[in-house]
1. Would you mention how many residues in the range 46-67 are among the small types (Gly, Ala, Ser) and either at pLDDT below 95 or more than 18 Å from the chain's Cα centre (by Cα) (or both)?
2. Check off (1) open to solvent by 70 Å² or more (accessible area, probe 1.4 Å); (2) in contact (Cβ under 8 Å) with a residue 40 or more places away in the chain; (3) within 30 Å of Leu262 (Cα to Cα) for Glu66 and give me the number that stays unchecked.
3. Of all residues in the range 165-176, which are touching a helix residue (DSSP H, G or I) at 6+ places or on another chain (Cβ under 7 Å), without any contact (Cβ under 8 Å) to a residue 60 or more places away in the chain and over 18 Å from Gln46 (Cβ atoms)?
4. Please enumerate the residues belonging to the range 162-196 that are polar (S, T, N, Q) and open to solvent by 60 Å² or more (accessible area, probe 1.4 Å).
5. So which pairs qualify, if the first residue must be in the range 255-284 and over 22 Å from Leu112 (Cβ atoms) and touching a residue at least 24 places away in the same chain (Cβ under 8 Å), the second must be assigned to a strand (DSSP E or B) and of a type in the set (A, V, I, L, M), the Cβ gap must be under 9 Å, and the two must be at least 6 apart or on different chains?
6. Just the residues that are open to solvent by 70 Å² or more (accessible area, probe 1.4 Å) and either modelled with pLDDT of 95 or more or closer than 23 Å to Ile24 by Cβ (or both), please, taken from the range 70-82.
7. Quick check: anything in the range 3-21 of a type outside the set (Lys, Arg), in a helix (DSSP H, G or I), closer than 12 Å to Leu90 by Cα and free of Cβ contacts under 8 Å to residues at least 12 places away in the same chain?
8. Looking for something surrounded by fewer than 18 Cβ atoms within 10 Å (Cβ to Cβ) and at positive phi - is there at least one such residue anywhere in the range 200-214?
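The values are calculated or read from the model by the stated rules, or taken from the named source; none is laboratory data. Everything numeric here is computed off the predicted structure, so don't read it as measured data. Note that each Cβ is placed from the backbone with ideal geometry, even for glycine, and that neighbours are counted across all protein chains shown. Quick note on the areas: whole protein, heavy atoms, side chains included, nothing else; ligands and nucleic acids left out. Shrake-Rupley method; radii C 1.70, N 1.55, O 1.52, S 1.80 Å.
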Amino acid sequence: MEVIQQVSAIRAKVQALRCSGKRIGFVPTMGALHEGHLQLLRASAQANDTTICSIFVNPTQFNNTEDYVLYPRTLEHDIALLETVGCDLLFVPEAAEVYAQQSLLTFSFGALEAVMEGAHRPGHFNGVATVVSKLFHYVQPHRAYFGQKDLQQVAVIRQLVQGLSFDVEVVCCPTVREADGLAMSSRNKRLTAAQRRLATHLYKSLEQAAAQLKHEPLQQIKAGLASYLKGIDEVKLEYFEVADPLTLQPVHEVGQAQEVALCIAAFVGPVRLIDNMVVNLKQV
């Protein structure tokens, strides 16, 4: 696996690959890799001629400076993992080059960023869109792979691709979970052993809510989930929403909906975690 740091070098490499007719799959990450990332990389390696991974902890998508400073950085371990899953190129740019000039452009995603993560993390999706746009320009992938755990982010990137006419297919892969249901996340590394056990209650609460969808009013389900998590020490619910899985807009009644997304964000100790579950109502 080749490791590239300079933007000029990745551009030259990509140009050569494209000229030789290679199909490029791309997995953008912020590092601290886990099995969820590796699933994306395997999917890319299976469907493309060349797989490129990027590791870049993007400062512009953190609305909390402490969160940015504490974000896990495990480059040597990440490189060892990447070499096991068919990754051909690792792009590790420096922030000083990615943001050589202050970006004056801003992105607006309308109603999509007015809910959930957009509402609770002002500026987050502007930072995501800025860096993903830059990475797409550098890497010029045919396909880009993202995980369902960041469902709203996937919706934002799809809107970005459509709005700016990027010639890239966005592929969303299912959330990878630990044996006890916890969604794999780089942030899990910051949890103590006790907090790690408590974090499983996020998935358990989603499972309970999903089982109640056809039998209880949504407001009652929301109240029940909030009450359930309130009784658990060190877990603080930030939001729980039942939403359309494509637009992420709130669903107030299940009605004739075919699918809904149950989306949650909560703090476990000082660590903010998100999760979601897309429920097919015909199978509930």
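1. Number of matching residues: 1.
2. Only one criterion in (1) open to solvent by 70 Å² or more (accessible area, probe 1.4 Å); (2) in contact (Cβ under 8 Å) with a residue 40 or more places away in the chain; (3) within 30 Å of Leu262 (Cα to Cα) is unmet by Glu66, namely (2).
3. Result: Phe166, single match.
4. Step one: filter the range 162-196 for residues polar (S, T, N, Q), giving 162, 165, 175, 185-186, 188, 192, 195.
Of everything in the range 162-196, those that are polar (S, T, N, Q) and open to solvent by 60 Å² or more (accessible area, probe 1.4 Å) turn out to be Gln162, Ser165, Thr192.
5. So the pair list comes out as Phe267/Val235; Phe267/Leu237; Phe267/Leu273; Val268/Val235; Gly269/Val235; Leu281/Val260.
6. Hits for the range 70-82 are Arg73, Leu75, Glu76, His77.
7. yes
8. Checking the range 200-214: not a single residue is surrounded by fewer than 18 Cβ atoms within 10 Å (Cβ to Cβ) and at positive phi.
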